[in-house]
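Data block below; observations after.
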Amino acid sequence: MNRINAPRGTRDIVYPEISHWQMLEARIREFYSRFLYREIRTPMFERSELFQRGIGDTTEVVQKEMYTFQDKAGRSLTLRPENTASVVRAAIENNLFDALFPLRFFYIGPMFRYDKPQKGRYRQFHQFGIEVFREESAELDAEVVYAAYAFLEELGLREISLEINSVGCDECRPAYLRVLQQAAQARRDELCADCRRKVDSNPLRIFDCKQPGCRSAAATLPTIAAHLCPGCAGHFVGLQAGLDTYSVPYKVNERMVRGLDYYTRTAFEITSDRLGAQNAILGGGRYNRLIRDLGGPDIPGVGFAAGMERLLLHLEISPENEPSLCFLACQSAEFRPQVMKLARVLWQAGYHAYVDYSNANLKKQFRRSDRMAANFTLVLGEEEAAEGKVTVKDMTRQEQVRIPQQELLKWMNQRK
Ligand SMILES: [Zn+2]
Ligand SMILES: [Zn+2]
């Protein structure tokens, strides 16, 4: 029969790698609860309109990367390419704006983008992120950035750098976009076909393009810095002061605009320099229109998302301390009930125990115990069975004792 493989751009996560994921997830839950973020789980697919309206019709994500399909009733649905729009939708739909205070969420889960698979980049990939609704202060933005940066630091990530920028607001961006459009128009010949279309539809997105020609053109295009309205300029100054207070090092990059349309004012990105250039592992910003644009109240939001695959690539993870493993070997099947009773005692006390049901000879069972790196090998042979005893080999200390079966737990507990 033909083998059926996983779809391109997806992968299976199995032991021992899965323990890295579980560790990372546990660290996320613990860390973000310090700031009063509560977990939210939203559906993996939504109505396509949510992302078209939320992320922006002319973004790369919406135009090229979404997994959109029709269900049997003809509805257009999309596997979520990111989670902010979904969290906003959930808050509106469940009236959380009235019910909860503070409105702080974190999420962990798979996202889907039809992207070119490469090292650390998949079509089903995983993100964690946080969102704060209703709070407007620039100092809060600094706290959100701190909560991103400090977490990576606590994980032991080295050589990370933070870039920040302001992308303006509805008040100041339109005038800037006209200036940008004119300047981009003059450089049109240097741009790729996509970016030539963006000149008319959404010139800010030219800064997202990775084509060398577009990058060098973008390097000379005017930035929004000189066009920020007093409100945005003040907010940006406040963000930097807040970052100084929280001791977060940063660089201002006026050309970093993030690939999503919903950002207003604060935008930020954390990259790792460790695996070469272009390693954004976390990005976010403020989105003051998104909640209103999706039919909610006119209140602001701010947050970030981080790619977990890339994060794990950058982490050096030492194995967790697991509880002792007991391997239960048995000379003959007739003694197995005694072995099973001992295993039950161990499981109930929280030990990891493995019963070998194979009826293989003891030598083979001992080899298996070695392969599993068991801490203790318990043996029940003829003599032990007759005396109601069990032989315990402490594999780390290279010791061996024969003890009454009912004393096993006491003996194990003393060895902890
Ligand atoms: Zn503004
Ligand atoms: Zn381009």
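For the stretch 363-389, the set of residues classified as at negative phi and surrounded by fewer than 16 Cβ atoms within 10 Å (Cβ to Cβ) consists of Lys363, Lys364, Arg367, Asp370, Arg371, Met372, Glu382, Glu383, Ala386, Glu387, listed by residue number. Every test in (1) within 16 Å of ligand 1 (Cβ to nearest atom); (2) among the hydrophobic types (A, V, I, L, M, F, W, C); (3) in the same structural domain as Phe105 (by TED's automatic domain parsing) is passed by Leu294 save one, and that test is (1). Determine the pairs where a residue that is under 20 Å from Arg113 (Cβ atoms) and touching a residue at least 40 places away in the same chain (Cβ under 8 Å), located within the stretch 20-49, has a partner that is part of a loop (DSSP other than H, G, I, E, B) and of a type in the set (S, T, N, Q) with Cβ atoms under 8 Å apart, the partner being 6 or more residues away or on another chain. Listed pairs, sorted by first residue: Thr42/Asn83. Restricting attention to the stretch 165-202, the residues that are within 16 Å of ligand 1 (Cβ to nearest atom) and either in a helix (DSSP H, G or I) or at negative phi (or both) total 15. Considering each residue of the stretch 121-128 in turn, none proves to be outside any helix (DSSP H, G or I) and over 23 Å from Gly259 (Cβ atoms).
Taking the conditions exactly as written (assigned by TED's automatic domain parsing to the domain that holds Glu139, touching a helix residue (DSSP H, G or I) at 6+ places or on another chain (Cβ under 6 Å) and within 16 Å of ligand 1 (Cβ to nearest atom)), does Leu239 satisfy them or not? Yes: the conditions hold for Leu239. More than 40 Å from the chain's Cα centre (by Cα) and either among the aliphatic types (A, V, I, L, M) or at pLDDT below 95 (or both) - does that describe any residue in the stretch 341-354? The answer is yes; a qualifying residue exists. Looking only at residues in the stretch 151-210 that are away from ligand 2 (no atom under 12 Å from the Cβ) and small (Gly, Ala, Ser), the one that is nearest to Gly283 (Cα to Cα) is Ser161.
Does Arg258 fit the bill of being touching a residue at least 24 places away in the same chain (Cβ under 8 Å), in a helix (DSSP H, G or I) and buried (at least 18 other Cβ atoms within 10 Å of the Cβ)? No.
Check whether at least one residue in the stretch 398-408 is without any contact (Cβ under 8 Å) to a residue 12 or more places away in the chain, assigned to a loop (DSSP other than H, G, I, E, B) and out of contact with any Cys (no Cβ under 9 Å at 6 or more places or on another chain), and report yes or no. The answer is yes, given that some residue of the stretch 398-408 is without any contact (Cβ under 8 Å) to a residue 12 or more places away in the chain, assigned to a loop (DSSP other than H, G, I, E, B) and out of contact with any Cys (no Cβ under 9 Å at 6 or more places or on another chain).
The values are calculated or read from the model by the stated rules, or taken from the named source; none is laboratory data. Remember, predicted model here, so these are calculated numbers, not experimental data. A quick note on method: Cβ atoms are made from the backbone with ideal geometry, for glycine too, and the neighbour counts reach across all protein chains shown.
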